[in-house]
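All remarks here apply to the structure that follows.
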Amino acid sequence: MIMDFAFDIVTVRHIIISLMIGFMLGLQRDISHYQHKRNGFAGARTFAMIALMGCLSAWLNQEIEFFVLVYFLIVGSFALLS
């Protein structure tokens, strides 16, 4: 069975917007850490990646039934193994 995903220009726009917002938040955090001469854990790339994963998870949840349940089972198993 081949799954037909509705990947259109609106989805691409949502992905780009989420990447931009995540990058801007991370960049602001990087600048703040630089100004206060502190070391930071997460920066622009990390925030952009987290925003992208959140956007793709929301999109997949609309496309695949019970995706959130499967996602939590996978992430939970990795958390238990670490």
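Gain on full extension, evaluated as 0.36 nm per residue between residue 60 and residue 19 minus their Cα-Cα distance, stands at 13.1 nm. GNM on the chain, alpha-carbon springs under 10 angstrom: the most fluctuating residue among 54, 40, 26 is 40.
If R0 is 41 Å, what FRET efficiency do you get for residue 71 and residue 38 from their C-beta distance, rounded to 0.05? Walk me through the numbers before you get to the answer.
Details: r = 33 Å, r/R0 = 0.81.
The pair residue 71/residue 38 has a calculated efficiency of 0.80.
Secondary-structure-derived ellipticity at 222 nm for the chain, considering helices only, amounts to -26000 deg cm²/dmol, per-run term -39500 (n - 2.57) for DSSP H runs with n ≥ 4.
Laboratory data are not the source of any read-out in this text; all were calculated from the coordinates shown. Being a predicted model, the structure only gives us computed values, none of them experimental. Positions of Cβ are backbone-derived with ideal geometry, glycine not excepted, and every protein chain shown enters the neighbour counts.
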